[in-house]
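Participant: Pasting in a structure now, in C-alpha cells, and then I'll have a few things to ask.
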Amino acid sequence: MNLTLKVWRQKDANSSGKMVTYKAENISPDMSFLEMLDVVNESLILKNDEPIHFDHDCREGICGMCSLYINGRPHGPKRAITTCQLHMRSFHDGETITIEPWRAAAFPVIKDLAVDRSAFDRIQQAGGYVSVNTGGVPDANELLIPKVIADEAFNSATCIGCGACVAACKNASAMLFVSAKVSQMAMLPQGQPERWSRVQSMVAQMDEEGFGSCTNTGACEAECPKEISLTNISRMNNDYLSAKLFREEKVHDHSGGGE
Amino acid sequence: MSLEAKIPPGPLAEKWSKHKFNLKLVNPANKRKYDVIVVGTGLAGASAAASLAELGYNVKAFCFQDSPRRAHSIAAQGGINAAKNYQNDGDSVYRLFYDTIKGGDYRAREGNVYRLAEVSVNIIDQCVAQGVPFAREYGGLLDNRSFGGSQVSRTFYARGQTGQQLLLGAYSALNRQIHKGKVKMYTRTEMLDVVTIDGHAKGIITRNLTNGQIETHTGHAVLLCTGGYGNVFYLSTNAAGSNVTAAWRAHKRGAFFANPCYTQIHPTCIPVTGDHQSKLTLMSESLRNDGRVWAPKTVEIAEKLRKKEITAAQVKEDDRDYFLERKYPSFGNLVPRDVASRNAKEMVDDGRGVGGSGFAVFLDFADAINRLGQEAVAAKYGNLFDMYYQITDEDPYKQPMRIYPAVHYTMGGLWVDYNLSTNVPGLYALGECNFSDHGANRLGASALMQGLADGYFVIPYTLGDYLATIGPKPVDASHPAFAKTKQDVLDRINSLLALNGTKTVNEYHRDLGHIMWEYCGMARTEEGLAKAKELIQALRADFWKNAKVVGANDEVNAALEKAGRVADFLELGELMVDDAKMRKESCGGHFRLESQTEEGEALRDDDNFAFVGAWEYKGDNQPEILNKEILDFEFVHLTQRSYK
Ligand SMILES: Cc1cc2nc3c(=O)[nH]c(=O)nc-3n(C[C@H](O)[C@H](O)[C@H](O)COP(=O)(O)OP(=O)(O)OC[C@H]3O[C@@H](n4cnc5c(N)ncnc54)[C@H](O)[C@@H]3O)c2cc1C
Ligand code: SF4
Ligand code: FES
C-alpha cells in the first residue's frame, strides 16, 4: 500500500508545532501502525532528516506507552485496541492519514507525538494504593472475595494508563482513568479502610493537575482501549459525595514523610 | 578469581532463616542516612524500591519509560507460581524447589532455588493485601491453573494479565513511598554507567531522555533491576525498549556475566510473517492447559495446508500428530518450554510445518470449546484470543492458532551470590537481570515469582548487611571517579553521534538478530558458533564505520538511544556465542547438536559442565576470562530429565 501521512512535528515543549506531509510507500497490510512509522523513520534517517518521535514499548497493547490521535480518534479507527495493535489492513491504499499527539493542557507535548503524562502518576501517588508494608500480612486465602466482585475489580484494574480517555474528551477530563483505580479499590475488601480518604485525595490531585470536568458525554468509554466502563465514574461520584457529606476525614497527608 | 556464592551451610530448609539471623542489621535511626539507587521499576525494581523505602532508606529509582508502571513486567500474561498447596494436590515448598531445579536441567543452585520456593508463599499474601485482583473461585478462594514442567496446579493468575496486575500492585506500593518522599522517581532516564570507587559501586551516570542532560547520582549501593537481554535476537517477545545496556555497562566495570548463552525460546508465539516485523507476540503457556499442540502426520497433508488447499478442520483425527501427548504421555502438552520448542522445530524440520511459511504448528482449542463451551474458554483466555486475532486476522475460536517458538527470556545475566550481590561490592542485580535461579531453562510462571522474591523478600535483608558493614558516611560526589565516568559516557555518546554512514542502526540490529537466531538459537554447533563469532565481529566493526545516527545529544533523540543499545548488543552477542561454544554439552535451552540422547533430548555432561560460567571483562576486543562456580548438589540426585 502507499499512503500519505500528515504528521504533527514539534521540536519540544517550548516550540510551536506544525503538520508535515510524508509519503509511506510499500507498506504491507500485515504491518502494525507503529511498524509503518518505523519504515517511514528509516527512510527519514537515511535522508538525514529527523525521525518522527512517538512513545511505544511493549507493542502488544498492555504497557500503555503508545498513544497517537489517528484521523481524529485516539488509538485510531478500531474499537478496544491500542495504536500498537492497529494493523495497516484497517486502512486502504492511497489513504491520507492524519497523526497528532494527545491534546490536553495537562499533557504537554515533549516532542512530536509524545506527551508528558506524569500527571497520571501523581494522581496515583496521591492515594491509589492500600497502605500495607511488605511482610506481616495475613494468608491470602483468609480473605474470601466473591468471584463477581473479584472479576469486576479486575475489569477496572485493567486500565493501562494510556490517556486516550483524556484525549477523547472535549473537556480533557481524567475521570475515567481516576475512577478505574478508585473503583477497583472501593470494590475490594482490602480497599475499605482508606476508601473515603482515597477518593478525596485522588480527585483533589486530579483537579490540581488541570484536567477538565466530566459532562457525561461518554467519549472516553467509546475510545478506551481496555473498555473501562462509565459505571466506574458513577461509582466514584457516589463515593466522593459520600465521603464529602458523611465521612469527611483528613485526607492522606504524608508530606515531609519518612517515618 | 574465585567465586564465593555464600550459600549458607546446613539443611536446605534452614539455610535462609539461619542466614537472615546472621546478617547484620542497620539500626532504624541510621537507615535514613543511606541512599540506595534502584535502576528499573519492573517487578524486581518496584518491589525492592518500595520495600527498602518502607524500611527507612532513601531510595532513588530510575526507568527509561515515562512511568514506572510501564516496565516490561506489565506484559507478563500467564501467572505466578507459589507453593501454597491450596489445591490439596500434593504441592509443597520442596516440590516447587524440585520442579524448578529439574526444570532448569540441574544448572541452578540448590540453596537459591529452595529459598525462592520458600518465599513464594509470602508473595501471594503480599499481593493480595495490596489489592491485586487474582482470579477466584465461586467460593471466594483463590483459583489456580497449571503450567509446564509440573504436575500440580500452583499458578496464580489474573486472566491473561498477571504481570500487569502484579506490577500495578508493586507500583502502588512504590507510589505510596514516592508520596511520602522516601523514593525519588526519575522517569525517562537511562542509566549509562556505574561509578566505582576503590572497587565499590557508589553511583551511576544517567542521561535524561527529554533533554539529553548527563547526570551523576551517588548512592551507598546500586541495584540493577533492568530486565533481560532477549532483544539481542532483534525479534523476541520483549518490549521494543528492553535492552542490556545497564547490565553490560556494569559488566565492563567489573561485574561478571554468568551463563549468557542460556536463553529461553518460548514454544507458543505467533509466527514471524515478514522482515517488517518489529517484535513477536507471546501466546501464554497457560493456553497449553486447554490447547492441544499438533502437526499433520505427513508432509503431503502439511503441503496442502501450506498451500491453503485444505483447512486445519478438514484434517482427519487420524492424520493429526499430537506430538507432545504422544512422546510425553505423563506431562503431555505441559512439558517444559525447551522440550516443547525443540519438538515444534523438529516437526518443521521434518517438513510438517504449517502456515504460509511452513514455520508453525497448531495449538488447537476445538476440544476445549466442545467440552467447556466458548464462553468458558473466553473467560479464561479472552484477551489472548483477541490479541491473536488482531495480529493475524484469524479467529482462534474457529480455527486453531498457528504457533512457533520465539526468544522470550534470558536465564543468563549478571553473576550474583546468595545475597544478590555481584562480585563488585555494593552492586546488586535482581530479577531477570541476574542469572541466579532458573538454571538452563526457566519454568513458566517462575520469573514473576523470582522478581518479586528478590525485591520484596530477599534484598531488604541482604542489603542491610552490606550497608551496616560500610557505614553511613555520605558518598563523596566530588570524587574524581564521578567526573571521569561521566566523561567516558559523553565520549561514547559523541562517537555514536559522529557515525554518519549509510546504514541505519535498526538494520544492524536486524542483522545481528539473524546471526544469533541462526547460529545461537534453538540448535547450536561448534562450527556454527565459530562462524557466528566471525560474523558478529565483522558486523560490529562495520557498525562503528557505516552506521548512521542522526540528531544531537541535547534533545529527545530516540535514534541515539537505540544506537547505544545496539552497540552493546553487538558486544554481548559475541560473548553469548563464546559461552555457547565453551559449553560442549546440552542443557535446558542450550542445545548443542553434538550432545543429545538417542531420543533427541538434551544430553548433559555433569562431569565437565556442572558449573556456572561467569565471564570477566578484560578490555575492548580482548577475550573474556571464564570463571567457574562449581554447582554442588547435596540434596537432589542428578538424572537425565524425563517428562515421559
Ligand atoms: C510477553 C511476556 C510474558 C511473560 N509472562 C510471564 C508469566 O506469565 N509468568 C512469569 O513468571 N514470567 C513471565 N514473563 C517473564 C517476566 O515477565 C519477566 O522476566 C519479568 O517481568 C522481568 O522483570 P524485571 O523486574 O526483572 O524487569 P522488567 O520488568 O523488564 O523491568 C526492567 C526495568 O528496568 C528499566 N531499565 C532497563 N534498562 C535501564 C537503563 N539503562 N536505565 C534505566 N532504567 C532501565 C526499565 O525502564 C524497567 O523499568 C513474561 C515475559 C514476557 C516478555
Ligand atoms: S481508562 Fe482507558 S483510555 Fe483511560 S487511561 Fe485507562 S485504559 Fe487508557
Ligand atoms: S506500545 Fe505498549 S500499549 Fe502500545
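Participant: Here is a list of conditions, (1) open to solvent by less than 20 Å² (accessible area, probe 1.4 Å); (2) among the charged types (D, E, K, R); (3) in a loop (DSSP other than H, G, I, E, B), and residue B:620 meets all of them except one; can you say which number that is?
Facilitator: Against the list (1) open to solvent by less than 20 Å² (accessible area, probe 1.4 Å); (2) among the charged types (D, E, K, R); (3) in a loop (DSSP other than H, G, I, E, B), residue B:620 comes up short only on (1).
Participant: Given the conditions (1) more than 7 Å from chain B (Cβ to nearest Cβ); (2) within 16 Å of ligand 3 (Cβ to nearest atom); (3) surrounded by 21 or more Cβ atoms within 10 Å (Cβ to Cβ), report the number of the one that residue A:117 does not fulfil.
Facilitator: It is condition (1) that residue A:117 fails.
Participant: Out of all the residues in the range B:349-382, which are under 26 Å from the mean Cα position of the chain (by Cα) and buried (at least 16 other Cβ atoms within 10 Å of the Cβ)?
Facilitator: Result: B:359, B:360, B:361, B:362, B:363, B:380, B:381.
Participant: Also, I was wondering about something else. What do you reckon, is residue B:239 of a type outside the set (Phe, Trp, Tyr), more than 26 Å from residue B:624 (Cβ to Cβ), part of a loop (DSSP other than H, G, I, E, B) and in contact (Cβ under 8 Å) with a residue 12 or more places away in the chain?
Facilitator: For residue B:239, the condition - of a type outside the set (Phe, Trp, Tyr), more than 26 Å from residue B:624 (Cβ to Cβ), part of a loop (DSSP other than H, G, I, E, B) and in contact (Cβ under 8 Å) with a residue 12 or more places away in the chain - is met.
Participant: Any chance the range A:182-198 includes a residue that's within 13 Å of chain B (Cβ to nearest Cβ) and within 16 Å of ligand 1 (Cβ to nearest atom)?
Facilitator: no
Participant: Let me ask another. In the list B:452, B:443, B:463, which residue meets the criterion of being within 16 Å of ligand 1 (Cβ to nearest atom) and under 19 Å from residue B:51 (Cβ atoms)?
Facilitator: Of the residues listed, the single one that is within 16 Å of ligand 1 (Cβ to nearest atom) and under 19 Å from residue B:51 (Cβ atoms) is B:452.
Participant: Continuing with the same structure: Considering the range B:535-552 alone, what residues qualify as being charged (D, E, K, R) and touching a Ser or Thr at 6+ places or on another chain (Cβ under 9 Å)?
Facilitator: B:548
Participant: Which of the residues that make up the range B:596-613 are in contact with a Ser or Thr (Cβ under 8 Å, 6 or more places away or on another chain) and within 16 Å of residue B:261 (Cα to Cα)?
Facilitator: B:602, B:604
Participant: A follow-up question, please. Name the residue, out of A:49, A:57, that is within 16 Å of ligand 2 (Cβ to nearest atom) and either without any contact (Cβ under 8 Å) to a residue 60 or more places away in the chain or surrounded by fewer than 20 Cβ atoms within 10 Å (Cβ to Cβ) (or both).
Facilitator: After ruling out the rest, the residue left standing is A:57.
Participant: Against the conditions (1) on the phi > 0 side of the Ramachandran plot; (2) open to solvent by less than 50 Å² (accessible area, probe 1.4 Å), where does residue B:557 fall short? Just the number, please.
Facilitator: Only one criterion is unmet by residue B:557, namely (1).
Participant: Looking at A:172, A:167, A:140, A:153, can you tell me which residue is within 16 Å of ligand 3 (Cβ to nearest atom), open to solvent by less than 40 Å² (accessible area, probe 1.4 Å) and at pLDDT 95 or above?
Facilitator: A:167
Participant: Of everything in the range B:34-76 that's among the charged types (D, E, K, R) and within 12 Å of chain A (Cβ to nearest Cβ), which residue is surrounded by the fewest Cβ atoms within 10 Å (Cβ to Cβ)?
Facilitator: B:54
Participant: Mind checking which residues of the range A:88-107 are surrounded by fewer than 23 Cβ atoms within 10 Å (Cβ to Cβ) and within 11 Å of chain B (Cβ to nearest Cβ)?
Facilitator: Residues satisfying the conditions are A:88, A:89, A:90.
Participant: If we keep just the residues of the range A:56-74 that are away from chain B (no Cβ under 12 Å) and under 16 Å from residue A:117 (Cα atoms), which is farthest from ligand 3 (Cβ to nearest atom)?
Facilitator: Checking each candidate, the answer is A:69.
Participant: Here is a check on your reading of the model: is residue A:31 at the interface with chain B (Cβ under 7 Å from one of its Cβ atoms), within 30 Å of residue A:158 (Cα to Cα) and without any contact (Cβ under 8 Å) to a residue 60 or more places away in the chain?
Facilitator: The answer is yes for residue A:31.
Participant: Can you tell me which residue in the range A:177-211 is farthest from residue A:158 (Cα to Cα), limited to those that are surrounded by 20 or more Cβ atoms within 10 Å (Cβ to Cβ) and among the basic types (Lys, Arg)?
Facilitator: A:198
Participant: In addition: I'd like the full set of residues that are under 19 Å from residue B:258 (Cα atoms) and among the charged types (D, E, K, R), limited to the range B:102-125.
Facilitator: Hits for the range B:102-125 are B:105, B:107, B:109, B:110.
The values are calculated or read from the model by the stated rules, or taken from the named source; none is laboratory data. In this text, all values refer to a predicted model and were calculated from it rather than measured experimentally. Neighbour counts run over all protein chains shown; Cβ positions are idealised from the backbone, glycine included. Only protein heavy atoms, including side chains, enter the accessible area calculation; ligands, DNA and RNA are left aside. Shrake-Rupley method; radii C 1.70, N 1.55, O 1.52, S 1.80 Å.
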